[in-house]
Amino acid sequence: MSIQRLSALIVFYISILPLVMAADINTGQKIAEDVCSQCHGIRKPSQLGMFPSLAGRDQRRIRDVLRQYRNKTRLSPIMNNLTGSLSNNDINNIAAYYNWVEPN
């Protein structure tokens, strides 16, 4: 294989990497509606009003915090239990969805 062909393949794979690794906002929405919205709401805080709305928050921050709860390096009995079964993809999808949602 020539260097030019190899370089072209590398550039191609690097260019499609974000598409392959892109979070699925629809899947994130389903999880957020089923689980997260009970306390955090979607566009505005839930009726309980005790927990912050996550709409429009930084995707990386949400992802990192959810992983900390899942890995129990950030402690909250409720959040540790809720995030314990989430995969990295689930967490990425939830974070992408809440980042995408416009706050009310």
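Report every pair of residues separated by at least 6 positions or lying on different chains whose Cβ atoms are under 6 Å apart, first residue within region 73-89 and surrounded by 15 or more Cβ atoms within 10 Å (Cβ to Cβ), second in a loop (DSSP other than H, G, I, E, B).
Cβ pairs passing all conditions: N80/K72.
With R5, R43, R70 as the choices, which residue is in a helix (DSSP H, G or I), among the charged types (D, E, K, R) and at pLDDT below 95?
Among R5, R43, R70, only R5 is in a helix (DSSP H, G or I), among the charged types (D, E, K, R) and at pLDDT below 95.
Cβ-Cβ below 6 Å, separation at least six or inter-chain, first residue in region 33-62 and among the aromatic types (F, W, Y), second at pLDDT 90 or above and assigned to a helix (DSSP H, G or I): which pairs?
F51/C39; F51/H40
For region 73-90, which residues satisfy the criterion of being part of a helix (DSSP H, G or I) and farther than 12 Å from V35 by Cβ?
Hits for region 73-90 are P77, N80, N88, N89.
Hey, any hits in region 48-70 for a residue that's in contact with a Cys (Cβ under 8 Å, 6 or more places away or on another chain), surrounded by 18 or more Cβ atoms within 10 Å (Cβ to Cβ) and of a type in the set (V, I, T)?
Checking region 48-70: not a single residue is in contact with a Cys (Cβ under 8 Å, 6 or more places away or on another chain), surrounded by 18 or more Cβ atoms within 10 Å (Cβ to Cβ) and of a type in the set (V, I, T).
The values are calculated or read from the model by the stated rules, or taken from the named source; none is laboratory data. Being a predicted model, the structure only gives us computed values, none of them experimental. Glycine gets a Cβ as well: all are built from the backbone with ideal geometry, and neighbour counts include every protein chain shown.
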